[in-house]
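Down below is the structure, laid out as structure tokens.
The values are calculated or read from the model by the stated rules, or taken from the named source; none is laboratory data. Please read all numbers here as calculations on a predicted model, not as lab measurements. Note that we place each Cβ from the backbone using ideal geometry, even for glycine, and neighbour counts take in every protein chain shown. Note: accessible area is taken over every heavy atom of the protein model, side chains too, but ligands, DNA and RNA are not part of it. Shrake-Rupley method; radii C 1.70, N 1.55, O 1.52, S 1.80 Å.
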Amino acid sequence: MFSKNKFKVTITLFFAIFSFSFAGFAQSSSKFIVVLDAGHGGKDDGAKYNGNKEKDLTLAVTLKVGKLLEQNPSVDLIYTRKTDEFIELRERAKIANRANANLFVSIHCNANKSSTPNGSETYVMGMSRANMNFEVSKAENSVIFLEDNYKKAYKGFDPNNPETLIGLKMVQENNLTSSIDLANKIQNNFSNSSAIKSRGIKQEPLWVLDASIMPGVLIEIGFVSSPIDVVFLESENGQNDIAKSIADAIVSYKNEYFGDGGAEFLEEKPSQNVIENKIKVNDSSQINTPIIIKDTLGSIYKVQLSASKKKIALESKNFKGLKNVSMLYEDQIYKYFFGETTDYMEAKNQLKEAKSKGYDSAFLIAYKNGKKISIQEAIK
């Protein structure tokens with residue numbers, strides 16, 4: 001149990017985080033803003049092994065991720081640093097909060113006294129102490145000791161004391177599911193990469209993730225202490241491979257959560273029961289548009305499967321065995337949806353089912369009071 005002093009530290013810390021974060025809570029729905037955070041920098045070298053400094057490797061990969069994302073006109077990028085400079089931990093989170101960002105992605109390198117461990121890990125904010133890797137939490141949080149007036153700024157938080165980690169109560173609990181989804185996409189990409197293997201997703205109490213009020217992840221892109229990983233971390237090809245895994249995951253997340261990704265555009269086969277598109281746009285009685293429930297108590301989720309210029313009969317055999325398929329005629333395109341639920345986790349299961357049937361580019365959409373909204377807005 002906590003002593004009274006420890007309880008006071010916990011409460012003080014929670015309200016300190018909440019008070020400085022709340023001002024930036026409202027997110028912009030018109031732009032998809034990603035904050036890329038290259039770990040460490042300036043007087044903070046991070047981990048140092050084999051002649052490499054973590055701060056240099058993280059910056060190199062972060063800039064490569066940014067270069068890839070800059071090719072997507074629907075993504076706005078903000079960097080916490082683009083040069084070798086020291087940025088306080090709290091300032092990194094504030095940069096993201098002030099921008100009302102949709103994602104916060106912090107890139108780091110791991111290290112171990114042994115040269116044996118290797119691979120990538122992606123961390124999301126978590127408070128469970130059951131399997132807590134205290135050394136990782138301590139290493140990534142300890143940069144605060146390099147900041148001026150850190151005792152006042154962090155209200156008694158001590159990275160070297162496991163008890164005060166309990167004070168990192170999540171302001172962003174509602175974002176945890178989204179953070180895990182992004183982390184899963186990143187690690188899946190690493191699993192399919194020829195560069196860094198995946199060590200999975202972890203939950204740890206990390207200050208920079210807690211203080212940022214949007215979904216976020218901290219990626220350990222490899223071990224600078226590992227001869228295996230260093231080969232990739234040092235090379236242009238290896239860095240490019242790592243950067244592409246991260247960038248692709250971010251774009252996939254954006255497409256899924258914000259509904260403007262490219263759902264599969266069907267090329268109808270002769271075997272499909274296709275009805276030629278001879279219906280006038282204003283002849284709504286023949287179009288069989290789906291009924292969107294006017295739900296004032298919550299959001300409705302659907303899985304968008306595909307789009308087609310031709311109308312396809314709503315039969316399971318035309319949709320790889322999926323049932324409960326609906327259709328919407330919009331912008332002279334027929335859009336096809338699977339499922340309908342007010343439960344977000346059930347919707348995620350439906351999306352997984354659709355992808356298992358071969359609809360790899362399917363994504364979730366949401367409605368509120370008959371109006372389409374972003375998935376993040378629906379979750380909140």
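A few comments on the model shown:
- Restricting attention to region 319-355, the residues being in a helix (DSSP H, G or I) and either in contact with a Phe, Trp or Tyr (Cβ under 9 Å, 6 or more places away or on another chain) or closer than 17 Å to G370 by Cα (or both) number 9.
- Scanning region 176-230 for residues that are among the polar types (S, T, N, Q), within 15 Å of the chain's Cα centre (by Cα) and under 27 Å from D45 (Cβ atoms) yields a total of 3.
- Taking the criterion of being within 16 Å of I196 (Cα to Cα), of a type in the set (V, I, T) and either crowded, with 19+ Cβ neighbours inside 10 Å or free of Cβ contacts under 8 Å to residues at least 12 places away in the same chain (or both), the residues of region 103-130 that qualify are I107, T122.
- Flag if N100 is open to solvent by less than 50 Å² (accessible area, probe 1.4 Å) and either at pLDDT 95 or above or in contact with a helix residue (DSSP H, G or I) (Cβ under 6 Å, 6 or more places away or on another chain) (or both): no
- Within region 183-200, being at pLDDT below 90 and not in a helix (DSSP H, G or I) holds for N192, S193, S194, A195, I196, K197.
- Flag if I246 is open to solvent by 10 Å² or more (accessible area, probe 1.4 Å) and either hydrophobic (A, V, I, L, M, F, W, C) or closer than 20 Å to L89 by Cα (or both): no
- Scanning region 46-77 for residues that are open to solvent by less than 30 Å² (accessible area, probe 1.4 Å), in a helix (DSSP H, G or I) and of a type outside the set (D, E) returns K55, L57, T58, L59, A60, V61, T62, V65, G66, L69.
- Pairs are defined by a Cβ separation below 9 Å, a sequence spacing of at least 6 or placement on different chains, a first member in region 185-197 that is over 14 Å from I228 (Cα atoms), and a second member that is part of a loop (DSSP other than H, G, I, E, B); the pairs so defined are F190/G119; F190/I196; F190/K197; S191/K197.
- Inside region 331-353, residues that are over 19 Å from S178 (Cα atoms) and either open to solvent by less than 70 Å² (accessible area, probe 1.4 Å) or of a type in the set (V, I, T) (or both) make up a count of 8.
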